[in-house]
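Enquirer: One structure coming up, written as structure tokens, with questions to follow.
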Amino acid sequence: MSSPYILLKDLTLAYGDMVAVPKLNFSCDKGELIALLGPSGCGKTTTMRSIAGLLAPQSGQIYIDGKDVTNVPANKREIGLMFQSYALFPHLSGFENVAFGLRIKKLPEAEIVEKTNKGLDTVGLLHLANRKPSEMSGGQQQRLALARSMVMEPKVLLLDEPLSNLDARLRLEMRAELQRVQRETGITMIFVTHDQSEALALADRIVLMKDGLIEQIGTPDELYNKPTSVFAADFLGFENIFEVSNNVIIGDAGKMSLDFKSESGHLAWRPSGVKIGQGKYKAVVKSVAFAGERREYVLDAEIGVIMADVSAQKKSYKIGESLAFDLPKSEAHFIEQAS
Amino acid sequence: MTEKWTSRLILGLTLIFLIGPFLIIIIAGLSAGQSLAFPPDGISLKWYLKVFEIESFRDSFILSMALAIFGTLIALALGVPAAYALNRYEIPYAETIKTIVAAPIIVPGIIVGLALLRYLVLPIGLTVTLALFFAHTALVLPYAVRVVSSSMTNLRSDMEEAAVLLGCTRLSAFFKVVLPNIKGGVLAAFILGFVTSFNQVPVSLFLSGPGVRTLPIDMLAYMEITYDPSVAALSALLAFLSVGIVFLAEKFLGFSRYV
Ligand SMILES: Nc1ncnc2c1ncn2[C@@H]1O[C@H](COP(=O)(O)OP(=O)(O)O)[C@@H](O)[C@H]1O
Ligand SMILES: [Mg+2]
């Protein structure tokens, strides 16, 4: 087996006495597209900054392409970072923003012009080369920032929440753009997101973080279908998670007996996995929201709140109405983790 | 309706109060007579021309110019890095440092001048010219730190980090991406410092020696001996110079954004 392209070994990152990321271990191969997923404040940006060399680790090592770069300064690490705020240079034109790093490298002028134009062309901004960033739209600024990183041909491109500042339509466009650039160049990319759907859609592998620790690493398929912890399940859309013990499910409000056998641990259902209209359990509709194709119910049951979402074609229930529901075995996801 | 007229009246009075003395000086300088008076005895340009023939004015003008230019440049050379550090790094007691840096604005100039004379010029034998440079630099420094600081507050640090990741050292990132973006603030600080230094009286009052006087002090001294309209003419010319500089600064830099 070849050695990994990026290797983080027992990486501990701290701000003064406050340890933000304790003993992180992670590796990935060349050309992989990795998503760093997790709630705000879990240490994603901190991890990125240390890979880029902007934050010195308290302990541990960072290897890139087989070399220990832990003590290599940021300006020599050949790593691109696209900041959440883009961090474009407001006093320079689009062209000069992209050419900035090439000029620092002191490449011959002809080569700078050629590479810069090619970079601008790749992101479809050649016609705006003379505009200042402030005269560009959010999406254009973002693509400019991408071009500025890409022309340097970095070993790794890090992207901090690359899509979070864009509106829904641009987000889809930019998502496609990132995928295309990654496919065309084969560059190793790590991007940060707190949006599970973004990670699932884009990444080859997802690293799910919680409080500075890695909760689970896996392909989108693995994370979506087989979350290994309550946190992972919750983060990936299993909104109904209950502790199970002796075939009794225990909720915040009470207990209900299970009509199938289960080991002790946790059971989780997505809202779409809850059946309503029939079943052995009773609940009252607390609220209902119409979402086009589907109707999203919040139910008040014996064990607590149940989230259910069903096709809008089915019979609808009003707030305050009683109904029967079921938590079917076929839709249940078992998590070994005890409380 | 009456409210509108009241506010207009107040505005008018304020303008007269502010500009009135200026107009009186311009007109007094236009006098054809021999002594400073308002209204003047007849109208002529002779005092405005005479100003350029008075040798001591010429010398003190050059000294004041040199002090204003170099004193402000040195203050900026110290003040820009100081403002940068105060904004960028988590410096312990940053607020205290800011207060200390602003102290010369708060402490009356007379005290600063006396202190410099008593503790630097007299005991150490520092030359008056050098003491003036120190004094003017120290005087302008608070303005430099303040104005440059305010132009730096909106500058995000990730821009510099982006420059570093593109190959810059921290230092070259400062010159390549920070400085170009605070250039307006630095120029504004220079102009404010220049005008402050040039018009400075109380500190310079203590720091004058044989043949070494700043222009405002020289004008005071001249007036004590010769009470002719040339001082009014010179004052008017200097006021035009200041107004001209500030006008150009406002027009090209949007000066008022920074002060
Ligand atoms: N400059 C800083 N100084 C002190 N603490 C910080 C700093 N930046 C981030 N933190 C803390 O480190 C933790 C991780 O932050 P961050 O990496 O920014 O999270 P994320 O990017 O996942 O939202 C948080 O608890 C945050 O408050
Ligand atoms: Mg973050």
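The values are calculated or read from the model by the stated rules, or taken from the named source; none is laboratory data. Bear in mind the structure is a predicted one, so any value in this text is a computation, not a measurement. Every residue, glycine as well, gets a Cβ built from its backbone with ideal geometry; the counts of neighbours run over all protein chains shown. Surface accessibility is based on the protein's heavy atoms, side chains included, excluding ligands, DNA and RNA. Shrake-Rupley method; radii C 1.70, N 1.55, O 1.52, S 1.80 Å.
Enquirer: Restricting to DSSP H runs of at least four residues, report the calculated mean residue ellipticity at 222 nm for chain A, -39500 (n - 2.57) per run over all residues, nearest 500 deg cm²/dmol.
Expert: Mean residue ellipticity at 222 nm (helix-derived): -7500 deg cm²/dmol.
Enquirer: Would you work out the relative contact order for chain A, in percent, from Cα pairs under 8 angstrom that are 6 or more residues apart? Mind showing how you got there, number by number?
Expert: On the way: 699 pairs, mean separation 52.4, N = 339.
With pairs under 8 Å counted, the relative contact order is 15 percent.
Enquirer: Right, here's the next one. Evaluate the charge dipole of chain A about its Cα centre and quote only its size in Debye, nearest 20, assuming +1 on the Cβ of each Lys and Arg and -1 on the Cβ of each Asp and Glu. Could the numbers behind the result be given before it?
Expert: Numbers: 39 positive and 42 negative charges, 92 e Å.
It comes to approximately 440 debye.
Enquirer: Based on the Cβ-Cβ distance of A:S311 and B:R156, what FRET efficiency does E = 1/(1 + (r/R0)^6) give at R0 = 60 Å, to the nearest 0.05?
Expert: Efficiency at R0 = 60 Å is approximately 0.80.
Enquirer: Which is farthest toward the positive dipole end of chain A among A:L107, A:V181, A:G16, measuring Cα position about the Cα centre, with Cβ charges +1 (Lys, Arg) and -1 (Asp, Glu)?
Expert: Final value for the positive-end residue is A:L107.
Enquirer: May I pose another question? Going by accessible area, probe 1.4 Å, with all protein chains left in place, what is the ranking of A:H266, A:H194, A:H91, largest first?
Expert: A:H194, A:H91, A:H266
Enquirer: Now, a different point. Would you please give the FRET efficiency between A:M18 and A:T228, computed as 1/(1 + (r/R0)^6) with r the Cβ-Cβ distance and R0 = 30 Å, to the nearest 0.05? Before the final figure, lay out each step's value.
Expert: Working: r = 28 Å, r/R0 = 0.93.
Efficiency at R0 = 30 Å is approximately 0.60.
Enquirer: Given the DSSP H assignment, sum -39500 (n - 2.57) over each helix run of at least 4 residues in chain B and divide by its residue total; what's the result at 222 nm in deg cm²/dmol, nearest 500?
Expert: Numbers: 12 runs with 185 residues, N = 259.
Theoretical 222 nm ellipticity from helices: -23500 deg cm²/dmol.
Enquirer: Which whole-angstrom value gives the distance between the alpha carbon centres of segment A:11-70 and segment A:286-332?
Expert: Using only Cα atoms, the two centres lie 42 Å from each other.
Enquirer: If you roll a 1.4 Å probe over the heavy atoms of the protein chains, what accessible area per residue do you get for segment A:239-335, in Å²? Kindly include the intermediate steps, with their values, before the conclusion.
Expert: On the way: 5190 Å² over 97 residues.
I get 54 Å² per residue for this part.
Enquirer: Here's something else I'd like to know. Any chance you could look up the accessible area of A:D300 with a 1.4 Å probe, heavy atoms only, rounded to 10 Å²?
Expert: We get 70 Å² for A:D300.
Enquirer: Only Cα pairs under 8 Å and at least 6 apart count here; give the relative contact order of chain B as a rounded whole percent.
Expert: Working: 287 pairs, mean separation 78.4, N = 259.
Relative contact order comes out at 30 percent.
Enquirer: For chain B, with a Gaussian network of springs between Cα atoms less than 10 Å apart, report the residue from B:P142, B:P81, B:P21 with the top mean-square fluctuation.
Expert: For chain B, modelled as a Gaussian network with Cα springs under 10 Å, the answer is B:P21.
Enquirer: Taking the Cα-to-Cβ direction at A:A253 and at B:I27 and moving 7 Å from each Cα, how far apart do the two end points lie in nm?
Expert: 8.8
Enquirer: Quick check: the angle from helix B:179-198's long axis to the longest principal axis of chain B, C-alpha only, nearest 10 degrees?
Expert: The answer is roughly 30 degrees.
Enquirer: Considering every residue in B:164-175, what mean count of other chain Cβ atoms within 10 Å of its Cβ is obtained? Can you show the working numbers first?
Expert: Values: counts 10, 19, 17, 12, 5, 5, 3, 0, 2, 2, 0, 0.
Shielding by partners across B:164-175 averages 6.
Enquirer: How far apart, in nanometres, would the label points at A:A291 and A:D10 be if each is projected 7 angstrom from Cα along the Cα-to-Cβ direction?
Expert: Result for the modelled spin labels: 4.5 nm.
Enquirer: Report the accessible area of B:S64, computed with a 1.4 Å probe over the heavy atoms of all protein chains in place, in Å² rounded to the nearest 10.
Expert: 0
Enquirer: On full extension of the chain, what length is gained from B:L9 through B:A85, given 0.36 nm per residue of separation minus the C-alpha to C-alpha distance?
Expert: On the way: separation 76, 0.36 × 76 = 27.36 nm, distance 4.70 nm.
Computed gain between B:L9 and B:A85 is 22.7 nm.
Enquirer: Report the residue, chosen from B:L248, B:L187, B:L141, that carries the largest GNM mean-square fluctuation when chain B is represented by alpha-carbon nodes joined by springs under 10 Å.
Expert: Result: B:L248 has the largest fluctuation of those listed.
Enquirer: Please compute the modelled spin-label separation between B:L122 and A:S245, points set 7 Å along Cα→Cβ, answer in nm with one decimal.
Expert: 8.6
Enquirer: May I ask you to give the average projected area over all directions of the convex hull of the Cα atoms of segment B:54-257, in nm² rounded to one decimal? Don't skip to the answer; put the middle values down first.
Expert: On the way: hull surface 53.7 nm².
Over every viewing direction, the Cα hull of segment B:54-257 projects on average to 13.4 nm².
Enquirer: What is the gain in length, in nm to one decimal, between B:F134 and B:K50 on full extension, counting 0.36 nm per residue of separation less the C-alpha to C-alpha distance?
Expert: On the way: separation 84, 0.36 × 84 = 30.24 nm, distance 3.25 nm.
Between B:F134 and B:K50, full extension yields an extra 27.0 nm.
Enquirer: Continuing with this model, one more query. Taking springs between alpha-carbon atoms closer than 10 angstrom, which of B:Y222, B:Y89, B:Y143 fluctuates most in the Gaussian network model of chain B?
Expert: Sorting by GNM fluctuation, first place goes to B:Y89.
Enquirer: Something else about it: Could you tell me the calculated FRET efficiency between A:S264 and A:E331, based on Cβ-Cβ distance and R0 = 25 angstrom, to the nearest 0.05?
Expert: Values: r = 19 Å, r/R0 = 0.78.
Working from the Cβ atoms, E equals 0.80.
Enquirer: Also, I was wondering about something else. What do the square roots of 5 times the Cα gyration tensor eigenvalues come to for the protein assembly as shown, in whole Å, largest first, as semi-axes of the equivalent ellipsoid?
Expert: Values: eigenvalues 972, 183, 115 Å².
So the equivalent ellipsoid measures 70, 30, 24 Å along its semi-axes.
Enquirer: Using only Cα atoms, tell me the angle between helix A:94-104 and the longest principal axis of chain A; keep it within 0 to 90° and round to the nearest 10.
Expert: Orientation of helix A:94-104: about 70 degrees from the principal axis.
Enquirer: Considering only DSSP beta bridges whose two residues both sit in the protein assembly as shown, what percent are antiparallel, to the nearest 5? Show your work: numbers first, answer last.
Expert: On the way: 57 of 75 bridges.
Antiparallel: roughly 75 percent of the beta bridges in the protein assembly as shown.
Enquirer: Once the Cα atoms of helix B:215-225 and of chain B are each reduced to a long axis, what angle between those two axes, in degrees from 0 to 90 to the nearest 10, is obtained?
Expert: 20
Enquirer: Please compute the contact order of segment A:72-205 in relative form: average sequence separation of alpha-carbon pairs under 8 Å and at least six residues apart, divided by the residue count, as a percent.
Expert: Once divided by the residue count of segment A:72-205, the mean separation gives 31 percent.
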